[in-house]
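The values are calculated or read from the model by the stated rules, or taken from the named source; none is laboratory data. Everything numeric in this text was worked out from a predicted model, so none of it was measured. All Cβ positions, glycine included, derive from the backbone under ideal geometry; neighbour counts span all protein chains shown. For the accessible areas, the whole protein counts, side chains as well, though only heavy atoms, and no ligand, DNA or RNA atoms are used. Shrake-Rupley method; radii C 1.70, N 1.55, O 1.52, S 1.80 Å.
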Amino acid sequence: MADRMKNRKVISMEHKASSNFIKNIINEDLKSGKVDHIITRFPPEPNGYLHIGHAKSIILNFELADEFKGKTHLRFDDTNPVKEDTEYVESIKEDVTWLGYKWDELFFASDYFEEMYNRAVLLIKKGKAYVCDSTAEEIRKMRGSLIEVGQKSPYRDRSVEENLELFERMRQGEFKDGQKVLRAKIDMDSPNINMRDPVLYRIAHANHHNTGDKWCIYPMYDFAHPLEDAIEGVTHSICTLEFEDHRPLYDWVIRECEMEKVPHQYEFARLNITNTVMSKRKLKQLVDEHVVDGWDDPRMPTISGLRRKGYTPEAIRSFAREIGVAKADSVVDSKMLEFFIREDLKLKAPRTMAVLEPLKVVITNYPADQVEMLEAEINSENPEMGTRQIPFSREIYIEQDDFMENPPAKYFRLFPGNEVRLKNAYFIKCNDIVKDEAGKVIELHCTYDPETKSGTGFTGRKVKGTIHWVEASQAVPAEFRQYEPLILDQEEDDDTSFLEHINPNSLEIVQGFVEANIKDSKPQDKFQFFRHGYFNVDPLSLKQGKLIFNRIVSLKSSFQLNK
């Protein structure tokens with residue numbers, strides 16, 4: 001669930017897409033001659049899987065560069081070996097590619113560790129950095145707060161020679177983790193806490209996924225990131241609003257490290273969605289504590305989770321473009337994302353029938369040894385998809401909730417003595433019911449009228465209800481997984497842990513049947529099941545040897561996009 005700020009506006013069905021102010025900046029920079037080409041970058045830290053918020057950044061960076069005939073780099077900010085892994089690197093590459101983008105260059109921050117070390121040495125020689133022996137807690141206290149000025153470190157006035165020697169010894173591994181750090185010497189009285197002698201390097205005796213054991217000191221993000229941009233010649237370094245207060249430090253590092261190329265940082269509002277965790281740390285907690293079954297759990301807002309659930313890259317790109325790029329924080333209604341997957345699938349997904357909670361129906365006056373093939377449209381909104389053949393016989397399955405023994409008024413589905421239409425088939429009338437020892441209805445006995453076959457133009461009488469069904473002898477067993485939001489939204493002033501707001505009904509698994517014509521469906525095949533919604537074949541189907549369908553989204557929503 002997104003961390004909420006009281007002034008955030010919820011973007012809902014009245015939303016109109018924001019203009020892209022960064023695009024306007026690039027236009028002006030090109031017109032004025034400030035730049036003559038565009039290079040953007042997407043710089044993830046490989047310490048977790050990407051989520052829908054990262055998708056917005058990916059789409060923004062790649063499409064801005066593409067529009068202005070520039071380049072986009074994929075760069076891994078791998079400066080913290082304790083939390084990083086090649087698994088995350090590969091997952092990020094897969095996600096970017098799946099979204100439909102191809103990077104022009106692939107870089108790692110670790111490619112520049114020697115250059116960064118040399119720039120840190122330059123700062124020490126200029127008297128702009130020093131080795132500090134204070135603990136992390138002592139440094140935190142010395143930096144003060146928004147209402148308290150900072151206190152200078154007792155090690156701040158070490159000589160250049162001593163700092164150079166200590167920094168080299170840090171590199172050689174003579175000190176333990178946390179024993180010393182390298183800090184910038186800027187301004188402990190600055191109103192911006194980020195400028196109060198921030199840490200530039202820390203000691204970490206840990207194996208790095210890219211450099212192995214070559215290094216035991218690693219640059220901090222705020223030091224490494226601007227140097228990476230400068231080394232690569234990035235022209236527009238686009239990041240989210242939480243880095244706005246870090247921009248003076250970004251500029252300071254570029255200037256004091258005497259970088260030849262000078263990139264500029266621009267901030268935009270991060271993506272926040274109702275009922276959705278948008279913190280990589282919290283998502284990792286969900287995985288580590290087994291609240292979900294992995295980073296790609298369909299309840300997760302990770303790109304891999306959305307992909308497994310059945311979202312398409314086209315839907316995610318349309319969603320990101322529609323919400324636009326703005327400066328002000330806001331919260332997007334999760335139903336907006338659902339709107340775009342419906343829009344994308346409504347002309348693509350084949351229509352078919354699935355019974356999620358089956359109730360057997362025996363049509364007593366239909367020939368016992370006959371199986372009839374009926375014709376049905378594949379997609380009524382896209383006639384070009386053609387038709388399909390579906391079997392019909394004496395025994396079928398319908399949904400349990402399509403029958404009631406004692407129905408209320410205006411219930412138009414099946415009940416004793418009532419007649420309904422079977423979609424794409426015939427009228428049937430319920431005559432008898434069969435119950436088990438507990439009194440539960442387990443079977444219906446019905447009759448059909450052969451003159452009412454769909455497509456024959458029968459007009460002799462009308463029925464008010466139409467229900468779906470699956471022929472029993474060829475029905476394919478399937479598992480259906482239906483999802484609700486993983487997180488129940490909480491009030492802005494609610495200080496409880498987000499784990500206390502886990503929705504206990506976020507996943508429901510039922511066993512049912514699908515039409516025979518989709519028995520050979522492959523993972524990621526998508527269907528619209530009559531009345532139930534859009535479903536995706538889960539990749540787990542291959543491992544478990546059975547069809548598993550994830551519900552992507554229900555068929556309808558009250559959400560309407562205001563164009």
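For Asp187, nonlocal amide neighbours, meaning residues 5 or more places apart or on other chains whose placed amide H falls under 5 Å from its own, are Asp197. Measuring between their Cα centroids, region 176-199 and region 49-118 lie 28 Å from each other. Dipole of the chain computed with +1 at Lys/Arg Cβ and -1 at Asp/Glu Cβ about the Cα centre; of Tyr117, Ile186, Val470, farthest Cα towards the positive end is Val470. Amide hydrogen proximity for Gly100: with H placed 1.01 Å from N in the peptide plane, no residue at 5 or more positions away or on another chain lies under 5 Å. Could you state the angle between the C-alpha long axis of helix 334-345 and the longest principal axis of the C-alpha atoms of the chain, as a value from 0 to 90 degrees rounded to the nearest 10? With both axes taken from Cα atoms, the answer is about 60 degrees.
For region 459-533, the list of trypsin sites (Lys or Arg not before Pro) that fall in a loop by DSSP and count at most 13 other C-beta atoms within 10 angstrom reads Arg461, Lys462, Lys464, Lys519. Accessible area per residue for the chain is 46 Å², calculated with a 1.4 Å probe on protein heavy atoms, without ligands, DNA or RNA. Electrostatic tally near Asp525: other residues with Cβ closer than 12 Å to its Cβ, Lys and Arg +1, Asp and Glu -1, net +2.
Of the peptides 304-313, 238-247, the order by per-residue mean of other Cβ atoms within 10 Å, starting with the highest, comes out as 304-313, 238-247. Helix content alone sets the calculated 222 nm mean residue ellipticity of the chain: runs of n ≥ 4 DSSP H residues at -39500 (n - 2.57) each, divided across all residues, give -7500 deg cm²/dmol. Backbone phi angles across region 432-449, fed through the Karplus curve with coefficients 6.51, -1.76 and 1.60 (θ = phi - 60°), yield HN-Hα couplings of 9, 10, 10, 10, 8, 4, 8, x, 7, 6, 10, 7, 10, 10, 10, 10, 10, 10 Hz in residue order; Gly and Pro are listed as x. With R₀ fixed at 22 Å, the C-beta to C-beta distance from Ser159 to Arg255 puts the FRET efficiency at about 0.40. Listed by chain and number, the aspartates and glutamates whose C-alpha is less than 18 Å from the C-alpha of Lys214, apart from same-chain residues fewer than 8 away, are Asp77, Asp78, Glu84, Asp85, Asp111, Glu114, Glu115, Glu168, Glu174, Asp177. Taking the protein heavy atoms of the chain in the context of the full set of protein chains, the accessible area attributed to carbon and sulfur is 47 percent at 1.4 Å.
If only the Cβ of Lys and Arg carry +1 and only the Cβ of Asp and Glu carry -1, the dipole of the chain around its Cα centre is close to 1120 debye.
Taking amide H positions as modeled 1.01 Å from N, with prolines and chain starts lacking one, the residues under 5 Å from Leu200 and 5 or more places away or on another chain are Leu182, Arg183, Ala184. Protection proxy ranking for 129-141, 316-328, using the average of other Cβ atoms within 10 Å per residue and placing the highest first: 316-328, 129-141.
3J(HN,Hα) along region 236-246: 10, 8, 9, 9, 8, 4, 5, 9, 4, 6, 8 Hz, from the Karplus curve 6.51 cos²θ - 1.76 cosθ + 1.60 with θ = phi - 60°, whole Hz, x for Gly and Pro.
Stretched out straight at 0.36 nm per residue, the stretch from Glu377 to Glu242 would grow longer than its current Cα-Cα span by 43.5 nm. Working note: Karplus 6.51/-1.76/1.60 with θ = phi - 60° gives region 391-402 the couplings x, 9, 8, 5, 10, 9, 10, 10, 6, 4, 7, 8 Hz, where Gly and Pro are set to x. Pairs spanning more than 25 Å between alpha-carbon atoms, out of Lys335/Lys410; Lys93/Lys309; Lys141/Lys327: Lys335/Lys410; Lys141/Lys327.
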